[in-house]
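Engineer: There's a structure below that I have some questions on.
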Amino acid sequence: MKKKDFAKFGYLFAAIVVLIIFLVYTNLQERKVEERREEALTPLIAASSLDGCSYVVISKAGEDDVELLKQDGKWYVQLPEKVFPALPGDVDDFFDYFNAIRPESVVSEDNAAFADFGVDDESGVSVRFFATKESDSPVAELVMGKSGPDYYSVYARKAGDNTTYLIPENQSTLWNRRAKLWRDTYPFRESREDIHSIAIHTADETFTIVLGDDGFWAFGDGDPNTVNQEETVGLISRLTGLVGLSLVDDEDSEHGLDDPEWEFELGVGERTVTLSVSKEIEQKRYVRNSELDQVYEISAAPLQGIKTARKDYVQHEDDTEEAGKNTGADEEAPEE
């Protein structure tokens with residue numbers, strides 16, 4: 001082989017080596033970029049970090065904070081004058097969303113662009129999760145922004161981070177609502193097992209049924225009649241199952257509750273809660289919970305045929321069984 005051919009071969013070999021090095025370098029760079037991208041698109045809140053969280057603050061500039069507080073296993077929303085039970089389903093949806101929140105893409109790594117995506121301090125909604133109300137710092141904090149390129153997405157960033165993300169699921173109604181809209185619409189959301197007494201007040205009479213140590217219901221005023229256990233449990237189920245159509249905030253109107261048709265005074269643990277029920281008004285009734293001082297509008301249908309008279313709760317022997325007893329007695333009677 002001539003010297004000239006050796007030179008050409010050397011150049012070709014060198015070119016191939018350079019190309020291989022370039023391809024390897026490019027592949028490594030692409031892999032690093034992909035790894036950085038995958039790292040950037042990990043969940044914004046670490047798994048299980050919200051477990052045990054009992055206090056949430058949702059803030060937006062120029063608006064009152066929304067505070068959710070967990071007490072004795074139940075979630076409440078802080079109102080100006082008191083705490084009020086929060087709708088459990090909404091709280092569950094809220095935590096489910098943030099526990100699984102995962103970005104679809106990075107849209108910016110420049111804090112100067114925060115305003116463009118609505119995640120700046122002026123227009124963004126800050127969502128902070130605390131272990132307790134007394135905690136000094138949150139376990140997680142996100143700033144949620146405006147809708148993304150379509151209605152089904154929103155922007156978000158971690159507090160203290162310059163990266164803005166596109167979130168593929170828009171659940172803005174979970175954090176963009178006033179405190180009053182977090183309130184539970186159930187007039188009496190209590191566990192049936194916690195109820196130990198019921199006093200029923202009507203225009204005609206008042207009587208009380210209490211749960212004995214033996215687990216059976218009995219009249220609480222010395223009435224020797226046996227209480228119909230099924231009817232009593234049925235009453236409790238109806239009262240705990242009432243669903244409000246809306247909460248009534250019109251304090252100037254009594255909605256017929258100045259003269260209620262029925263009042264149910266219920267012993268719940270160490271508490272006493274009275275449900276005052278109005279007469280039927282245009283296929284609706286109004287219920288006031290004395291403990292919450294809140295009026296609820298409900299459909300009249302769930303209370304159709306509800307039993308409120310003492311005689312309705314007296315246990316009567318089955319007519320057929322009674323007839324059988326009488327027949328047996330006649331057969332056993334001696335002939336004259």
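No lab work stands behind these numbers, since they all come straight from the coordinates. In this text, all values refer to a predicted model and were calculated from it rather than measured experimentally. Positions of Cβ are generated from backbone atoms using ideal geometry, with glycine treated the same way; all protein chains shown enter the neighbour counts.
Engineer: For the range 162-174, take each phi angle, set θ = phi - 60°, evaluate the Karplus expression 6.51 cos²θ - 1.76 cosθ + 1.60, and give the result in whole Hz per residue in order, putting x for glycine and proline.
Structural biologist: Each residue of the range 162-174 in turn: 8, 7, 10, 10, 9, 9, x, 10, 8, 10, 4, 5, 6 Hz.
Engineer: Compute, for the range 105-252, the length of the dipole vector about the Cα centre, with Cβ point charges of +1 (Lys, Arg) and -1 (Asp, Glu) only. Units Debye, rounded to 20. Numbers along the way, then the final one.
Structural biologist: Numbers: 12 positive and 28 negative charges, 126 e Å.
Magnitude of the dipole: close to 600 debye.
Engineer: Any idea how far the Cα center of the range 50-80 sits from the one of the range 157-178, in Å?
Structural biologist: Between the Cα centres of the range 50-80 and the range 157-178 lies a distance of 17 Å.
Engineer: Could I have the simple spin-label model distance between Glu104 and Ala203, label points 7 Å from Cα toward Cβ, reported in nm to one decimal?
Structural biologist: Label-label distance for Glu104 and Ala203, simple model: 6.1 nm.
Engineer: So, with +1 on the Cβ of K and R and -1 on the Cβ of D and E, and no other charges, what is the size of the charge dipole of the range 55-182 about its Cα centre, to the nearest 20 debye? Please list the in-between numbers first.
Structural biologist: Values: 13 positive and 23 negative charges, 79 e Å.
Approximately 380 debye in magnitude.
Engineer: Determine the relative contact order of the range 59-190: mean sequence separation of Cα pairs under 8 Å and six or more apart, normalised by residue count, in whole percent.
Structural biologist: Over the range 59-190, the number comes to 27 percent.
Engineer: Further question on the same structure: Give the long-range amide H neighbours of Lys284: residues separated by 5 or more places, or on another chain, with amide H under 5 Å away, using H modelled in the peptide plane at 1.01 Å from N.
Structural biologist: Under 5 Å from the amide H of Lys284 lie the amide H atoms of Ala300, each far enough along the sequence or on another chain.
Engineer: Give me, ordered by chain and number, the residues 5 or more places off Gly118 or on other chains with an amide H under 5 Å from its own placed amide H.
Structural biologist: Hits under the 5 Å cutoff: Lys146.
Engineer: State the answer as a single residue: which of Tyr151, Thr173, Ser137 lies farthest towards the positive end of the charge dipole of the range 55-182, with beta carbon charges of +1 for Lys and Arg and -1 for Asp and Glu, about the Cα centre.
Structural biologist: Farthest along the dipole direction, towards plus: Thr173.
Engineer: Could you give the dipole magnitude of the range 192-317 about its Cα centre, charging the beta-carbon of Lys and Arg +1 and that of Asp and Glu -1, in debye to the nearest 20? If you can, show how the numbers build up before the last one.
Structural biologist: Working: 10 positive and 28 negative charges, 91 e Å.
Using Cβ point charges on Lys, Arg, Asp and Glu, the range 192-317 gives about 440 debye.
Engineer: Output wanted: per-residue J couplings in Hz (rounded whole) for the range 211-228, from phi through Karplus 6.51 cos²θ - 1.76 cosθ + 1.60, θ = phi - 60°, x for Gly and Pro.
Structural biologist: Each residue's phi maps through the Karplus curve to give 8, x, 4, 7, x, 10, 7, 8, 5, x, 10, x, 5, x, 5, 7, 7, 6 Hz.
Engineer: Please list, in chain and number order, the residues 5+ apart from Gln315 or on another chain whose amide H is under 5 Å from its amide H, with Hs placed from the backbone.
Structural biologist: Thr226, Val227, Asn228
Engineer: Return the sequence-ordered ³J(HN,Hα) values of the range 187-200 in whole Hz as given by the Karplus equation 6.51 cos²θ - 1.76 cosθ + 1.60 applied to θ = phi - 60°, using x for Gly and Pro.
Structural biologist: Once rounded to whole Hz, the list reads x, 8, 8, 9, 7, 4, 5, 8, 8, 10, 7, 9, 10, 10.
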